[in-house]
Amino acid sequence: MKILVINCGSSSLKYQLIDMTDESVICKGNCERIGIDGSFITHKANGGEWKVEVDFPTHKEAFNKVVEMMTVGEGKVIESKSEIDAIGHRIVQGAEKFSEPCLVTDEVIQTIDDLSVLAPAHNKAHAIGLRSAKEVFGAEVPNVVVFDTAFHATMPPKAYMYAVPYEFYEKHAIRRYGFHGTSHKFVSRAAAEYLGKKPEELKMITLHLGNGASLAAVDGGKVVDTSMGLTPLGGFMMGSRSGDLDPSVVGYISELTGIKGNDLTDYLTKKAGFLGVSGISSDCRDIEVAAEQGDEKAKLVLDMYFYQLQKFVGSYTAAMNGLDVMVFTAGIGENSANVREGVCEGLGYFGVEIDKEQNKKRGMAINDITGPNSKVKVLVVATNEELMIARDTMNVVNAK
Ligand code: ADP
């Protein structure tokens with residue numbers, strides 16, 4: 001079975017064609033600047049890479065170009081689009097409407113579109129992508145939607161409710177949803193498999209540390225709490241996002257700057273976090289280099305980051321009444337030995353100890369960095385959200 005995995009943003013369309021017989025990537029690429037001047041596609045296949053400038057007024061032209069790149073020329077990997085057995089779409093916000101991946105119908109697309117109020121930056125683009133995919137690939141190819149929020153749907157009300165008047169939950173669906181669910185699911189399953197256990201047997205904390213970042217407490221294979229909230233702005237500090245704040249801070253900054261409403265959300269999404277505190281960069285590598293060179297604010301950023309993460313790990317250990325496994329993943333989690341060491345250093349009380357030499361190794365699908373006397377397994381697992389989407393898509397299609 002060949003599955004095309006799609007991640008549609010407002011001006012981009014990322015794709016990956018996966019052969020499910022061995023879970024290998026046949027080709028992948030990205031259409032960028034859709035609807036903006038200077039649009040182009042990059043396509044990787046057969047050991048080569050191409051960048052072609054093409055006019056993409058809408059996502060539909062982008063999808064047509066993806067089909068062309070896959071079926072014609074040096075980057076050709078299939079004879080025709082009819083070889084694609086199913087399409088799996090990444091959707092950011094499924095709210096309480098979708099707790100599982102499902103087949104796409106017109107009604108499903110409309111509901112995803114309606115959920116744009118909760119994720120304006122993402123769901124609108126996803127709905128456009130879904131409509132375009134249906135047009136370009138036709139009704140004979142099944143489309144499946146896989147939600148970033150779905151893996152967190154098992155959270156109990158005590159974890160997802162905010163202490164605001166109940167009507168905001170009832171009438172406006174304001175609650176914690178959590179994101180990166182596809183990644184948390186992939187790495188927690190991969191960790192259990194590596195340890196030779198069933199997910200049901202383990203209390204895990206998965207740390208997805210990328211530009212956007214979140215933690216999940218996964219008890220017996222089910223999420224019981226996660227750090228992001230109504231939107232991906234919540235939780236601990238990230239590259240350029242503030243994470244959780246005293247709500248009064250938001251009002252006060254608004255008063256001081258005159259920035260209001262969605263603009264303020266945008267400000268706290270793009271100008272805060274590592275970037276805001278350091279004044280240097282949102283990129284963890286730049287912060288680490290600056291801290292190494294003695295920059296006090298960069299050192300403060302790392303101190304804050306480790307401290308906030310330790311507090312989350314501590315509270316999730318309490319929430320689960322135990323901890324068997326910690327899993328680091330995503331850009332920072334997979335690559336920064338310094339961050340992993342900094343976070344784990346403060347967790348000795350919980351029995352967390354890492355092997356500092358093993359921690360320095362990179363580039364493995366799974367790196368077991370557990371120290372010899374550690375009570376908690378500490379793993380670094382390379383995430384693969386596209387593969388998780390393809391697996392979920394295959395399961396939905398096979399269950400039809
Ligand atoms: P996103 O998908 O949220 O954009 P990624 O998962 O790609 O983010 O992670 C990006 C982050 O990973 C950046 O902050 C980058 O600095 C960090 N990163 C990548 N490689 C390294 C490294 N070797 N050391 C430290 N941080 C790294």
**Request:** Check whether at least one residue in segment 128-143 is farther than 23 Å from L233 by Cβ and assigned to a strand (DSSP E or B), and report yes or no.
**Result:** yes
**Message:** Considering only segment 291-314, I want to know if a residue exists there that is β-branched (V, I, T) and within 14 Å of the ligand (Cβ to nearest atom).
**Reply:** yes
**Request:** Considering every residue within segment 53-61, establish whether at least one is of a type in the set (F, W, Y) and crowded, with 16+ Cβ neighbours inside 10 Å.
**Result:** yes
**Message:** Against the condition open to solvent by 50 Å² or more (accessible area, probe 1.4 Å), of a type in the set (D, E) and within 16 Å of the ligand (Cβ to nearest atom), how does D286 come out, does it pass?
**Reply:** yes
**Request:** Kindly indicate which of A153, A192, A159, A216 is under 20 Å from V352 (Cα atoms), part of a helix (DSSP H, G or I) and not assigned by TED's automatic domain parsing to the domain that holds N7.
**Result:** A192
**Pairs, first modelled with pLDDT of 95 or more in segment 193-209, second within 16 Å of the ligand (Cβ to nearest atom) and acidic (D, E), C-beta under 9 Å, six or more apart** = L209/E334
**Request:** Output the residue which, of all residues in segment 97-119 that are out of contact with any Ser or Thr (no Cβ under 9 Å at 6 or more places or on another chain) and in contact (Cβ under 8 Å) with a residue 60 or more places away in the chain, is surrounded by the most Cβ atoms within 10 Å (Cβ to Cβ).
**Result:** C102
**Output for segment 223-250, where each listed residue is away from the ligand (no atom under 16 Å from the Cβ), touching a residue at least 12 places away in the same chain (Cβ under 8 Å) and in a loop (DSSP other than H, G, I, E, B)** = G229, L230, D244, L245
**Prompt:** Does E83 satisfy the condition of being open to solvent by 50 Å² or more (accessible area, probe 1.4 Å) and more than 18 Å from I6 (Cβ to Cβ)?
**Reply:** no
**Prompt:** Can you tell me which residue in segment 351-363 is most open to solvent (accessible area, probe 1.4 Å), limited to those that are touching a residue at least 12 places away in the same chain (Cβ under 8 Å) and either at positive phi or within 11 Å of the ligand (Cβ to nearest atom) (or both)?
**Reply:** R362
**Message:** Among the residues in segment 260-275, are any under 16 Å from S336 (Cα atoms), of a type outside the set (F, W, Y) and either over 26 Å from the mean Cα position of the chain (by Cα) or in a helix (DSSP H, G or I) (or both)?
**Reply:** no
**Item:** Scan of segment 325-350 for residues that are more than 12 Å from the ligand (Cβ to nearest atom) and open to solvent by less than 10 Å² (accessible area, probe 1.4 Å), ordered by number
**Value:** V325, M326, V327, V343, C344, L347
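The values are calculated or read from the model by the stated rules, or taken from the named source; none is laboratory data. This structure is a prediction, so every number in the text was calculated from the model and none was measured. Neighbour counts run over all protein chains shown; Cβ positions are idealised from the backbone, glycine included. Please note that ligands, DNA and RNA were not included when accessible areas were found on the heavy atoms of the full protein model with its side chains. Shrake-Rupley method; radii C 1.70, N 1.55, O 1.52, S 1.80 Å.
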